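Contents: one structure, followed by commentary.
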Amino acid sequence: MKRSTLTGMGLEKDQIDAIMAEHGATVEALKEKHGDAVEALKEELKEVKAQLPDDKTDWKQKYDDEVKAHGETKTTLESDLETERAAHGATRDTYKAKEDAASTDVLVADLLKQGRKDGEKTLKMSDAAIIKAVKDYDRTLVKRDEKGNITNADEVWAHFASEWSDFVGEVKVEGADVGRSTGGGDTGTQPKNLKEALSQKYGGNNQ
C-alpha cells in the first residue's frame, strides 16, 4: 500500500499515518508467521535455477549435439544402404555371369555337334567328348555378338578339334565310308559310322 494512494483518497495525515502503521504491523505479522515457508521457497527456487543452463550457449550446444548425432545416424544408414546395394549388385552380376556361361556352353556344344566341313568330309566330335569338353575350357575364347551368336565359330572349332583330336572323326558328306581321323593304318573293313571308326582306331568302345 502506498501513502500517495491514501492521500489521493482525501484522507487526513493522521488517518493516513494510522492506516500505514496498521498495514506495516500486518505485514510484519505475516512475515513472522510465513517467513520460514518463504525462505524455503527461495531456496528451492535457487536449486531450480542452478539446474538451468547459465546462458543460451548451453542450449545451442545441446542443439548442435543433437544435429550432429542425427547427421551421424543418417550417414550410417546411407552407408548401410550402399553396402546392401553393392551386395545386391554383386549377387546380380554373379547370376548374370553364370547365365552367360551356361548359354555359351550350350552354343559351343551345338557347334561341336554340327561339326565342320573339310573339303568333301565333315569333322565331328563324339557326344561323350563334347559333354566333357564343355565342362572345362576357357570361355573367353568364344566371341559373341549383341544377339548372342558366336562370331568366331571356326576358331572355336579349331581349338576343340586340336584339344580333343582323339575324339574327332572324319565323315564323308555324300555317302562315302567313314574313315579314320588320320591317314595310314589298316584299310580293310570300313566302319559304318563314327562309333565303329573310333572303336577300330582305339581298339575298344568309344562313347
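Check whether at least one residue in region 187-200 is acidic (Asp, Glu), part of a loop (DSSP other than H, G, I, E, B) and modelled with pLDDT under 90, and report yes or no. No, region 187-200 has no match at all. Annotation: residue 86 fulfils all but one of (1) surrounded by fewer than 10 Cβ atoms within 10 Å (Cβ to Cβ); (2) under 58 Å from the mean Cα position of the chain (by Cα); the unmet one is (1).
With the structure loaded, tell me whether residue 100 is touching a residue at least 40 places away in the same chain (Cβ under 8 Å), closer than 30 Å to residue 164 by Cα and either surrounded by 10 or more Cβ atoms within 10 Å (Cβ to Cβ) or under 45 Å from the mean Cα position of the chain (by Cα) (or both) or whether it fails that test. Spelling it out, it is not the case that residue 100 is touching a residue at least 40 places away in the same chain (Cβ under 8 Å), closer than 30 Å to residue 164 by Cα and either surrounded by 10 or more Cβ atoms within 10 Å (Cβ to Cβ) or under 45 Å from the mean Cα position of the chain (by Cα) (or both).
For (1) touching a helix residue (DSSP H, G or I) at 6+ places or on another chain (Cβ under 7 Å); (2) at negative phi; (3) at pLDDT 85 or above; (4) not small (Gly, Ala, Ser), each residue gets a yes or a no:
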{"position": "53", "(1), (2), (3), (4)": "yes, yes, no, yes"}
{"position": "61", "(1), (2), (3), (4)": "no, yes, no, yes"}
{"position": "69", "(1), (2), (3), (4)": "no, yes, yes, no"}
{"position": "78", "(1), (2), (3), (4)": "no, yes, yes, yes"}
{"position": "142", "(1), (2), (3), (4)": "yes, yes, yes, yes"}
{"position": "150", "(1), (2), (3), (4)": "yes, yes, yes, yes"}
{"position": "156", "(1), (2), (3), (4)": "yes, yes, yes, yes"}
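Remark: pairs (first residue in region 16-33, touching a residue at least 40 places away in the same chain (Cβ under 8 Å) and in a helix (DSSP H, G or I); second residue surrounded by 12 or more Cβ atoms within 10 Å (Cβ to Cβ) and among the aromatic types (Phe, Trp, Tyr); Cβ separation under 6 Å; 6+ apart in sequence or on different chains) are absent.
The values are calculated or read from the model by the stated rules, or taken from the named source; none is laboratory data. Quick caveat: nothing in here was measured; it's all calculated off a predicted structure. Using ideal geometry, Cβ is built from the backbone for each residue, glycine included, and neighbour counts are taken over all protein chains shown.
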